[in-house]
Each structure stands twice: as C-alpha cells, then as structure tokens.
1. What is the distance in Å between the Cα centroid of the range 102-140 and that of the range 1-52?
2. Might you report the magnitude of the Cβ-based charge dipole of the range 154-221 about its Cα centre, with Lys and Arg at +1 and Asp and Glu at -1, to the nearest 20 debye?
3. Quote the convex hull volume per residue of the range 60-126, based on C-alpha atoms, as a whole number of Å³.
4. Students often check this: by mean Cβ neighbours within 10 Å, which of 51-58, 183-190 ranks highest, and how do the rest follow?
5. Efficiency by 1/(1 + (r/R0)^6): what FRET value for Ala141 and Arg20, r their Cβ-Cβ distance, R0 = 25 Å, to the nearest 0.05?
6. So which GluC sites (Glu not before Pro) in the range 19-83 are both in a DSSP loop and have at most 14 other Cβ atoms within 10 Å of their Cβ?
7. What area, in nm² and to one decimal, does the C-alpha convex hull of the range 72-221 cast on average over all directions?
8. Note down, for the range 125-174, the three equivalent ellipsoid semi-axes (square root of 5 times each alpha carbon gyration tensor eigenvalue), biggest first, whole angstrom.
Amino acid sequence: MRALVVAGGWFPDYAGGTERVVRATAEALAKRGHQVIVIVSRANNEPEASSVNGVQLRRVIRRSRLPLTITDVYEMRRAIRATPSDDFDLVLAHGAGYAVAALLARSRKPVAFVFHASGFREARQRRSLGLPALERWSSYAVEPFLYVLERLALRYADRILVLSEFSRRLVLEIDPSIESRIQVVGGGVNIDEFAPAHDREALRQAVGITSDETLLLTARR
C-alpha cells in the first residue's frame, strides 16, 4: 500500500499528542513494508524533504498570521495536488481541516479521517475555563470554521478512524448517519519504554510514597 499522510506537524518539531500519533503510526506503517509519504508544516532549521525511518517526510505547509483553519486547508490542498496521484493509494488525514483539504484536492483517492478530538467543542471548553479577552474573541471567530470543517470531514470522508469508544460516541453525537464508516483503532503502547517494574516497592520508595498509600496515575500527552 502507498499511503499519503497529511497532518499539522511532526514530532518533535511540534510536541503534541497528535504529532506523536502521526509519527508513530507513519513509522509503523513503513516498518510493515508500506510506502509512506508524510506532508506536514514547515519547521525552523529542519529540511523541507527528508527520510525518517523509511518515511518520506515533506515539511512544506506554510503558516501565516491568518487562522490555521483557513490557511492550512488551502496549503494542504495545494501540497496534495502537487503530489502525483500515482504516488499514493489513499490519504490518511489527521484532523478535519486536512481531511477537507484532501477531499478538495480531487485526487480521487480514498480519504480516511483520523478523528483525534472535536475542535469546536475544545474551543468552547477552553473559553469556559477563562481566556484573555483577545484570545476569547478569536476563539469565537474561529469556532464556526472548526464546526463546518468537522461536519464536512465526517460527512464525506470514506472512513473515520477514532482512538476510543468515547470518541466514537462523540462522533455519532455530531452526525449519527456515519456509523457504518466509523472504525475504532485503539492506541498502542511502546513496551520497550513502558513495562511493569521488577520492583514496585523500590520505585515507591524512590518517589516517597509508602506502601500503604494509594497512588493514582493519569497518563496523557
């Protein structure tokens, strides 16, 4: 399979949860023998074209002062159209805006939309926690674009991939008609980095937690 992966950024150029998933899954696909091209945003002091663990990485998306909801869609559409359609069999889009860009590029290739989170819901949540006035009004201005992009991506993508049952339920709340196109692809764990400890009591002592204390851990980005 020849996959064209489109996303906002590449880890560690941008150190976010989505960027980690983009890199980990792209490299895993390449390791399985697939041909993988990744198109992401430009990064300071990083080459525009390079090869990383079998992945053809292209940092070509230009950023401007305009909201990313506008510029990224236009820029990604341009980059996809500049990629010969014979170079890929499908587009794997990490984010609603990039899925819409792939659909607008008219490459006639299947588009799989990886739904990481609901952009317009996150915008509302951030405002509810309190934002400076300028950032709050900017959030209000961008929210309609986020809403439209999300609706379009869900409605027209050939497949919607979600990371959990919670995300699946969230997507169905937005558009119940797409149930047949949703697929849950659970996140993975790098067992070389994360494995049960041989001596848990020694670890408790190292961080000052006694054996009779309850320890709760939340793992996120």
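1. Cα centroid of the range 102-140 versus Cα centroid of the range 1-52: 20 Å apart.
2. On the way: 9 positive and 11 negative charges, 74 e Å.
With Lys and Arg at +1 and Asp and Glu at -1, about 360 debye.
3. In the range 60-126, the Cα hull volume divided by residue count equals 87 Å³.
4. Values: 51-58: 17.0, 183-190: 10.5.
Highest-to-lowest ranking by the protection proxy: 51-58, 183-190.
5. 0.30
6. Values: sites: Glu19, Glu27, Glu48, Glu75; in loops: Glu48.
Hits after loop and neighbour filter: Glu48.
7. Average of the hull's projected areas for the range 72-221 equals 13.6 nm².
8. One finds semi-axes of 27, 14, 7 Å for the range 125-174.
Bear in mind that the values in this text are calculations on the coordinates, not laboratory data. Just so we're clear, the structure is a prediction, and the values are computed from it rather than from any experiment. With ideal geometry, Cβ positions are generated from the backbone for all residues, glycine too; neighbour counts draw on all protein chains shown.
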